[in-house]
Amino acid sequence: MNDVVYDLQSLSYATPTGRPLQTGLTLTLRANQLLLIRGSNGCGKSTLLKILLGQFPVMKGSVRRYIPPERTEYMPQLENTEVHFPLTLRDVLDFSHGRRITWDDIAPFELLREDQLDTAWNTASGGERKRTLLTRALLKNPRLLVFDEPMNHLDGESRQAMIRFMARFLKPSESKGERAAVMVCHQGLPEDEERQFDMLCLDLDSMTSGRGTA
Amino acid sequence: MMSLFSLYKWTIVAGALAAPALALLGVQLATRDRAMQTLCVGQGAMVGVLAGIGFLHSFEGTPLGAIGPLGCAVLLSAITIIATDRLVAGRMASRNTLFAFVFAFLLGAGSLVSAAFPALESHMAQVYFGDLATLTIFDSQVTSLVSLLCLTVLAVLAKSVSNQSFELAIFGNLVSSAGDRRGTWAFKIITLVMLSLSVQFLGFLFTIAMLFLPTSLMSFVSSKGLKAHFILCALVSIASALIGFVLSLNYTRLPTVPAIVMVMFLLSVVILSGERLYRFVARAGEASRSLLDPQPITATNGT
């Protein structure tokens, strides 16, 4: 049981207003696995993420997380895409990390190009913004990544970059320690993308879970 | 003129420090989309000041009479922040409508308080429109001290506070771990104190203008980067406060705060026009260079 990241036992949960969403959910997420949560609108995907992060209470059952909150990075859906600040992508990385970020710090993630760093946040593409937010999360050296719909509005190239990165992040490695990721993805992933992960797929519409495609 | 400068040296210091402190605070509040809420909090502070002056009228000239209205302003602003936060909690839509309702309510409350204490009529105009020239040395010194403290907090916590503003703007709430939320309370407290103090001593108009005019106007400048925006906002606010104040000293019928607001607007127009002209000249230069040295255009067949 040493490599367990999340242990959910008979979990039942509801919306903040009390509307029941799911009952009797049991699963175990282990190190180097990706938990993919999918399902139709309103089935409770984002609420489950917030329960996994400890932001919402559970109705029944238990949720145990074995990676501490300070080693967890959460990337929610964007409420707004533009900000009042005239930020560059470099600013976003700088202030989230508390110091001036150099190219050497972010080059290993292979998510952004050096010439993109001076792009204004408000004029950057959706893919550039998401890659910046992912780089921002990775600079904190997390062991658990939690994403809400990270693939929304991404073009083919950005999507492939995200998948490549996730596969690298979850690749077993002694030097990096145990890692895991949780991802809400409305429509799931195509088969060729799924094959790149040791994946646990949770379909909230049918309440089934299993390895690979559910 | 020099004797006037000597007479108003503390007022000038207070204006030159309060203006950038409010402007930098305004950048963060505007990014958090809290401009309407800030109007409510400012109005709450105004009701607090008026109530403080009204109820503590008999203590005028004593330390309680001087500090009491500020204490009431801080208390009322804190209540307004908590109440408005609760009112809009969990709502993404109609926030501004609810803030407008609170603003109207507080406007009515302010009017009622001033009606209850007839001596407040002159204070009401002072608190609304402000007049730097009427600040006492003590008021100016307190304003300078608090503004300096506010500037220090904003400078030391610039990255952390900006990170929080960014998260609130794009995610709707804070998502970074508790360890990365350094300065959350320091920012809230300094916002509350600076707003209350500014409304009491410098007036509602000066406060709101300094909070939101520099960042709104400078957002049209195509400067890239947060640092450049901070510097531009601070410089424009200081220059407007100083130029506006000197103009109002020169032309006695010119009210101080409206003069400062107008100077800020004109200064921003000059900066924006200068920037547009510079970009036009740079683009024209590039175009003429490319005409003299045309690059071959290549095209490939699609698959």
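The values are calculated or read from the model by the stated rules, or taken from the named source; none is laboratory data. Computed from a predicted model, the values in this text were never measured in an experiment. Here the Cβ is made from the backbone with ideal geometry for all residues, glycine too, and neighbour counts use every protein chain on show. Accessible surface is based on the protein model in full, side chains and every heavy atom, while ligands, DNA and RNA are left aside. Shrake-Rupley method; radii C 1.70, N 1.55, O 1.52, S 1.80 Å.
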>> Report every pair of residues separated by at least 6 positions or lying on different chains whose Cβ atoms are under 7 Å apart, first residue within region B:250-274 and in a loop (DSSP other than H, G, I, E, B), second among the acidic types (Asp, Glu) and at pLDDT below 90.
In response: B:255/B:131
> Can you name the residue in region A:18-29 that is surrounded by fewer than 18 Cβ atoms within 10 Å (Cβ to Cβ) and not hydroxyl-bearing (Ser, Thr, Tyr) and is also nearest to the chain's Cα centre (by Cα) among such residues?
Replying inline: A:27
> Do you know which residues across region B:17-41 are within 21 Å of residue B:141 (Cα to Cα) and open to solvent by less than 10 Å² (accessible area, probe 1.4 Å)?
Replying inline: B:18, B:19, B:20, B:21, B:22, B:23, B:25
> Taking region B:181-218 as the region of interest, how many residues are modelled with pLDDT under 90, assigned to a loop (DSSP other than H, G, I, E, B) and on the phi < 0 side of the Ramachandran plot?
Replying inline: 2
> Pairs under 9 Å by beta carbon, first residue without any contact (Cβ under 8 Å) to a residue 12 or more places away in the chain in region A:97-116, partner of a type in the set (Asp, Glu), six or more apart or different chains?
Replying inline: A:98/B:180; A:100/A:94; A:107/A:114
>> Condition first: of a type in the set (A, V, I, L, M), touching a strand residue (DSSP E or B) at 6+ places or on another chain (Cβ under 9 Å) and within 14 Å of another protein chain (Cβ to nearest Cβ). Can you find one or more residues in region A:79-99 that meet it?
In response: yes
>> Can you find, within region A:62-78, the residue that is farthest from the other protein chains (Cβ to nearest Cβ) among those that are surrounded by fewer than 16 Cβ atoms within 10 Å (Cβ to Cβ) and at pLDDT 90 or above?
In response: A:62
>> I'd like the full set of residues that are small (Gly, Ala, Ser), over 28 Å from residue B:142 (Cβ atoms) and in contact with a Ser or Thr (Cβ under 9 Å, 6 or more places away or on another chain), limited to region B:164-215.
In response: B:169, B:176, B:177
>> If I go through region B:128-179 residue by residue, how many of them are without any contact (Cβ under 8 Å) to a residue 60 or more places away in the chain, among the polar types (S, T, N, Q) and surrounded by fewer than 17 Cβ atoms within 10 Å (Cβ to Cβ)?
In response: 5
> If we keep just the residues of region B:210-229 that are open to solvent by 40 Å² or more (accessible area, probe 1.4 Å) and within 15 Å of the chain's Cα centre (by Cα), which is nearest to the other protein chains (Cβ to nearest Cβ)?
Replying inline: B:219
